[in-house]
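Report on the structure given below.
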Amino acid sequence: MLEARLASEKDLETVKEIWNYCFGDTEKFTTYYFRNRYIKENNVVVENNGKILSSLQLSPYKLCLNGKTYNTSYVVGVSTLPDARGKGCMKAMINFSLQELYRRGELVSILMPIDYRIYGRYGFENCYDVLKYEMDVDELRNFKMKGDFHKYAEGDIDKLIELSEIFQKHANGYTIRDESYFKNLVGEIESDETDLYILDSGRADGYLIYKISDGVMNVREIMYRNMEALKSIMGFIYNHNTQCKKVEITAPVYDKLIHFLENPRDIDIKLEPFITGRVIDVKGYLESITIEDKSFKGSVIIVITDNQIYENNGVFEIKAEAGRLIVEKLKYMSKEDLIAKLEDTNSYEDTIGLGDIHNRDKDAEVLKFTINMFSKLAFSYRDIIEILYLMGYEADDNRNIVKFFKTVFPKKINFFNDYI
């Protein structure tokens with residue numbers, strides 16, 4: 001019988017073996033990861049008759065989402081031995097992990113999917129995109145490197161922190177990049193034989209993280225203080241034209257490089273889905289929200305369905321008052337009762353007793369969300385108009401529920417660019 005649990009000290013070597021089989025990282029990177037980033041209390045494993053078959057990590061991050069900082073877990077390293085695939089290990093492991101995150105009091109979680117179809121079943125929905133540029137290095141020939149670049153050295157962290165605050169200030173859902181964050185990042189890229197170069201004028205005006213392999217420069221990240229810094233970084237890349245003929249650049253969707261390319265039609269520019277998000281605790285997350293317009297008042301009733309975290313299932317009345325949300329759960333069912341009810345009826349409305357709500361307020365407008373659609377809205381990745389269209393509802397700006405969620409969760413530009 002499959003059993004999911006948190007790892008213990010004795011599980012380390014087996015977890016490393018599964019990691020190495022599934023990901024094929026270099027020995028240097030694997031050594032770095034399990035020496036510096038691995039935390040057994042954040043490692044979930046699945047075993048059968050005492051043999052560990054699957055593993056994942058709940059990597060801790062600080063996420064700035066809708067103006068609030070959340071301690072959250074980034075689900076990474078999801079791996080299963082080949083002979084155990086298709087036997088329910090993933091389901092057991094993800095379900096346990098979601099319950100564990102709820103138990104810890106975490107409100108949201110993120111995950112980089114290898115296959116969106118797999119993780120959509122567990123409530124994770126795409127909430128972050130990236131821009132991908134692919135071009136001949138010669139396309140950058142008119143950019144000139146100005147200023148001084150140097151490879152990262154100790155003492156640069158404060159400069160990088162300041163630059164990241166400037167570059168991310170218009171984004172949402174981003175990582176808080178403090179001293180601990182940059183120490184981890186530097187350790188990671190050094191173990192992967194990747195370079196970090198800084199454009200420095202006494203302050204960090206920009207930086208890029210890149211690796212050259214097989215004639216291609218892969219730029220994992222660029223950050224810059226202004227447009228002159230961006231142009232200088234492109235000049236730095238062009239100066240590698242004898243080492244590489246192609247360059248691939250990953251950038252946030254608010255990146256400005258496209259405006260300075262001479263002929264963008266000759267360049268492959270893609271908008272790619274990147275990171276999924278999920279609300280772990282619906283009530284807790286709603287109650288954590290701060291509304292910018294402190295004078296805004298309103299109320300709505302919503303229904304949430306969540307097949308993994310049963311505590312999220314139910315009817316919620318949400319009131320906006322004095323810049324915060326007051327949330328009351330109007331209908332609650334235990335996990336056992338909910339499963340039994342769902343087996344007896346095809347109508348979720350009947351299951352959770354929406355009739356009781358309408359008897360209380362016959363004019364109440366009730367909107368039903370899956371946890372997937374609610375997560376897209378809660379991460380401000382899509383606004384309520386888009387969500388209504390996706391769910392097949394009428395999207396009228398005059399609807400009370402539209403006005404309410406447009407104020408509480410206005411659409412924003414999300415940015416996240418971490419891999420472990």
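Data overview
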{"read-out": "Leading residue by the ranking (surrounded by the fewest Cβ atoms within 10 Å (Cβ to Cβ)) among those in the stretch 376-393 that are in a loop (DSSP other than H, G, I, E, B) and either among the charged types (D, E, K, R) or out of contact with any Leu (no Cβ under 9 Å at 6 or more places or on another chain) (or both)", "value": "Gly392"}
{"read-out": "Matching residues in the stretch 76-135 - criterion: being of a type in the set (Asp, Glu) and in a loop (DSSP other than H, G, I, E, B)", "value": "Glu106, Asp115"}
{"read-out": "So Tyr116, is it aromatic (Phe, Trp, Tyr) and crowded, with 21+ Cβ neighbours inside 10 Å", "value": "no"}
{"read-out": "Elements of type strands (runs of 3 or more DSSP E) in the stretch 206-293, at least 3 residues being surrounded by fewer than 18 Cβ atoms within 10 Å (Cβ to Cβ), at positive phi and not β-branched (Val, Ile, Thr)", "value": "none"}
{"read-out": "Residue tally, condition assigned to a strand (DSSP E or B) and either within 27 Å of Phe379 (Cβ to Cβ) or not charged (D, E, K, R) (or both), over the stretch 169-205", "value": "8"}
{"read-out": "Selection within the stretch 198-239 - among the small types (Gly, Ala, Ser) and either without any contact (Cβ under 8 Å) to a residue 24 or more places away in the chain or not assigned by TED's automatic domain parsing to the domain that holds Gln168 (or both)", "value": "Gly202, Ser213"}
{"read-out": "Residue match in the stretch 105-126 (condition: in contact (Cβ under 8 Å) with a residue 40 or more places away in the chain and closer than 30 Å to Ser232 by Cβ)", "value": "no"}
{"read-out": "Residue match in the stretch 394-415 (condition: over 25 Å from Thr276 (Cα atoms), of a type in the set (A, V, I, L, M, F, W, C), modelled with pLDDT under 95 and part of a loop (DSSP other than H, G, I, E, B))", "value": "no"}
{"read-out": "Test: Met227 is out of contact with any strand residue (DSSP E or B) (no Cβ under 6 Å at 6 or more places or on another chain), of a type outside the set (Lys, Arg) and under 30 Å from Arg203 (Cα atoms)", "value": "yes"}
{"read-out": "Test: residue in the stretch 2-15 that is surrounded by 14 or more Cβ atoms within 10 Å (Cβ to Cβ), outside any strand (DSSP E or B) and either in contact with a Ser or Thr (Cβ under 7 Å, 6 or more places away or on another chain) or acidic (Asp, Glu) (or both)", "value": "yes"}
{"read-out": "Filter result (touching an Asp or Glu at 6+ places or on another chain (Cβ under 9 Å) and over 18 Å from Asn142 (Cβ atoms)) within the stretch 223-243", "value": "Arg225, Asn226"}
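One line per residue, one yes/no per condition, for (1) within 19 Å of Asn42 (Cα to Cα); (2) of a type in the set (Lys, Arg):
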| site | (1), (2) |
| --- | --- |
| Ser97 | yes, no |
| Val108 | yes, no |
| Tyr128 | no, no |
| Leu131 | no, no |
| Met145 | no, no |
| Asp156 | no, no |
| Ile161 | no, no |
| Lys169 | no, yes |
| Ser180 | yes, no |
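Residue-wise test of (1) of a type in the set (Val, Ile, Thr); (2) in the same structural domain as Ile209 (by TED's automatic domain parsing).
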| site | (1), (2) |
| --- | --- |
| Thr80 | yes, no |
| Gly86 | no, no |
| Cys89 | no, no |
| Leu98 | no, no |
| Ile114 | yes, no |
| Phe143 | no, yes |
| Ile157 | yes, yes |
| His170 | no, yes |
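The values are calculated or read from the model by the stated rules, or taken from the named source; none is laboratory data. Quick caveat, the model's predicted, so the values are computed rather than measured. Counting neighbours? That spans all protein chains shown, and the Cβs are built from the backbone with ideal geometry, glycine included.
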